[in-house]
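Quick one: the structure is below, questions incoming.
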Amino acid sequence: MGAPAPARELTVGRPLAVVLGLLTIFGPISMDLYLPVLPALTGELHSTTSVAQLTITACLLGLAMGQVIAGPLSDRFGRRMPLLIGVVAYTVTSALCAISPTIETLVAARFVQGLAGAVGIVIAQAAGRDVYSGGKLLRYYGRLTVLGGLAAIIGPVIGGQLAAVTDWRGVFLFLAAVGVAILVACLLVFRETLPADRRTTGGLSHTLRDFRTLLADRVFIGAVLITGFTYSAIFAYLSGATYILQGMYGLSPQGYSFAFGLNSLGFVIFGFIGGRLAERWSERGTLAAGLAMTLAGALGLLATALLHLPLIAIILSLFTMVSGVAVTSPPATSLALKDYPGIAGTASSLLGLARFAFGGFAAPLVGIGGANDPVPFGVVAAVAAGAAALCLGLVRRRRTA
């Protein structure tokens with residue numbers, strides 16, 4: 001199995017690498033591009049803060065469940081056809097979000113949008129495992145971390161600027177246009193990365209057996225749990241910061257978007273550093289360093305909420321926490337997937353399930369105290385970061401292959 005990998009790597013040109021990167025962004029950007037207009041959406045649809053935040057939860061749960069479906073299907077039928085179906089569905093449901101007349105219909109449309117958006121995320125990870133190995137695989141996951149995190153965090157920056165020229169419905173129409181652009185890119189560039197002779201067979205029973213194999217590996221479970229808990233902190237931040245920074249600290253949608261821009265810069269820089277450190281130093285050591293940063297930032301958020309510290313304290317704490325998550329992502333993804341080239345889609349689906357399902361449950365907890373109470377936000381972030389740190393022991397030793 002070692003010999004074919006380098007040959008496949010040589011066939012990966014820049015256009016395919018760019019498309020694989022684009023596939024990483026359209027799930028996260030769907031989740032949070034509209035965050036700066038969420039308060040306005042809440043008022044126009046006569047909703048409450050906690051109910052409006054269900055539009056975030058619905059998308060996150062769709063992103064989680066969609067990966068569990070798309071991953072095994074892509075292992076069985078190849079990457080290209082499920083991908084094209086997913087991108088078309090994403091484009092259509094983004095347009096449906098734009099014309100939703102009530103908060104209930106928007107929540108339902110967001111769930112389906114998440115299901116469709118999940119396809120790109122899981123196939124980007126699995127296709128990367130199809131064509132890369134070793135150090136190139138770690139660098140690839142580092143790039144995915146940067147792009148996916150950048151999309152998740154810079155989305156509100158773009159959304160804040162869109163809010164100056166359109167309403168929340170226009171934001172969803174923009175997402176539909178993004179879907180069309182990605183569909184065209186996939187049709188022109190993306191070729192099948194999983195040959196027929198490497199695909200799985202056997203239907204549901206075989207898929208369940210693959211899931212059992214993965215769930216029996218404590219290193220895989222540890223990497224998945226660390227990913228899930230750290231992204232719970234990220235999604236709590238994405239869900240709650242829009243109300244806290246605008247409502248409590250008086251930032252405009254544009255000011256809020258620039259505050260997020262600082263964090264996007266941190267995510268890019270530290271995601272790159274995390275990928276290189278994991279490759280050249282140690283996957284587990286890099287993971288531990290990232291978790292320490294994540295926990296420090298989350299505890300800073302909790303202290304800021306309890307002690308009513310000024311704006312600079314919450315900005316620095318957010319920067320530290322978000323940058324720490326960026327450091328953890330490349331080594332965690334590599335530890336989870338590198339030993340499973342034959343079922344990379346299935347393994348990626350469980351990783352994505354944890355990332356978005358954990359985040360989906362964390363997001364509404366942030367709004368329990370109302371729009372002007374930052375304490376639940378700090379508690380959720382601190383508990384999630386602490387739980388991730390406790391899972392570090394599971395990845396201490398890799399089982400013998």
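The values are calculated or read from the model by the stated rules, or taken from the named source; none is laboratory data. As the structure is a prediction and not an experimental result, all values here were calculated from the model. Using ideal geometry, Cβ is built from the backbone for each residue, glycine included, and neighbour counts are taken over all protein chains shown. Ligands, DNA and RNA are excluded from the accessible area calculation, which covers all protein heavy atoms including side chains. Shrake-Rupley method; radii C 1.70, N 1.55, O 1.52, S 1.80 Å.
For segment 247-396, what does the relative contact order come out to in percent, with C-alpha contacts under 8 Å and a separation of six or more?
On the way: 167 pairs, mean separation 45.7, N = 150.
Once normalised by length, the contact order is 30 percent.
Would you compute, for the Cα atoms of segment 226-322, the largest minus smallest coordinate along each principal axis and list the three values in descending order, in whole Å?
44, 26, 22
Roughly how many Å² of K136 are accessible to a 1.4 Å probe, to the nearest 10?
Here the residue's solvent-accessible area equals roughly 80 Å².
Please report the accessible area of I25 (heavy atoms, 1.4 Å probe, ligands and nucleic acids excluded) in Å², nearest 10.
For I25, solvent-accessible area is about 40 Å².
P(r) for segment 234-290, please, calculated from all Cα pair distances in 5 Å bins and given in %.
Spelled out bin by bin, segment 234-290 gives 4, 17, 20, 17, 12, 11, 10, 6, 2 percent.
Give the value in nm², to one decimal: projected area of the alpha carbon convex hull of the chain, averaged over all directions.
Dividing the Cα hull surface by four gives the mean projection, 17.5 nm².
Run the helix sum for the chain: -39,500 (n - 2.57) per DSSP H stretch of 4+ residues, divided by residue count, reported at 222 nm to the nearest 500 deg cm²/dmol.
Result for the chain, helices only: -27000 deg cm²/dmol.
OK, next. Which order do F77, F260 take by accessible area at a 1.4 Å probe, largest first?
Ranking F77, F260 by accessible area, largest first, yields F77, F260.
About the Cα centre of segment 235-383, how large is the charge dipole given +1 on each Lys and Arg Cβ and -1 on each Asp and Glu Cβ? Please answer in debye to the nearest 20.
The dipole magnitude comes to about 200 debye.
Any chance you could check the Cα centroid distance between segment 61-91 and segment 273-343 for me, in angstrom?
If we compute the Cα centre of each part, the gap is 28 Å.
Helix by helix through the chain, keep the DSSP H runs that span 24 Å or more along the axis on Cα and average at least 0.0 on Kyte-Doolittle, and give those back in order.
Membrane-span-like by this criterion, though nothing is claimed about a membrane: 14-32, 54-77, 80-98, 103-131, 134-162, 168-189, 218-243, 253-280, 283-307, 311-337, 344-365.
Which value, in Å² and to the nearest 10, is the accessible area of S133 when all protein chains are kept and the probe is 1.4 Å?
The value for S133 is about 40 Å².
A follow-up question, please. What nm value, rounded to one decimal, do you get for the distance between T105 and A216 when each label is placed 7 Å out toward the C-beta?
5.0
Please compute the length gained on full extension between V180 and I315, using 0.36 nm multiplied by the number of residues separating them and subtracting their Cα-Cα distance.
Numbers: separation 135, 0.36 × 135 = 48.60 nm, distance 3.51 nm.
Contour length minus the Cα-Cα distance gives 45.1 nm.
OK, next. With springs only between Cα atoms under 10 Å, which of A357, A233, A177 fluctuates most in a Gaussian network model of the chain?
Most flexible of the set in this elastic network: A177.
Here's a follow-up. Put one equal scatterer on each alpha carbon of segment 168-279, apply the Debye formula with no solvent term, and list log10 I(q)/I(0) at q = 0.13 1/Å to two decimals.
Reported log10 I(q)/I(0), two decimals: -1.00.
What number comes out for accessible area per residue over the chain if the probe is 1.4 Å? Units Å², please.
37
For the chain, what % of the accessible area comes from carbon and sulfur atoms, probe 1.4 Å?
Taking all protein chains in place, the chain shows 72 percent carbon and sulfur surface.
Please list D167, D197, D130 from largest to smallest accessible area, probe radius 1.4 Å, with all protein chains kept in place. Each step should come with its number before you reach the end.
Details: D167 70, D197 135, D130 0 Å².
The residues order as D197, D167, D130, largest area first.
Using a Förster radius of 25 Å, what is the FRET efficiency between A303 and R396 based on their Cβ-Cβ separation? Nearest 0.05, please.
That pair, A303 with R396, gives E of 0.25.
Work out the length of the dipole vector of segment 11-122 about its Cα centre, built from +1 on the beta-carbon of each Lys and Arg and -1 on the beta-carbon of each Asp and Glu, and round it to the nearest 20 debye.
On the way: 5 positive and 4 negative charges, 92 e Å.
Using only the charged Cβ atoms, the result is roughly 440 debye.
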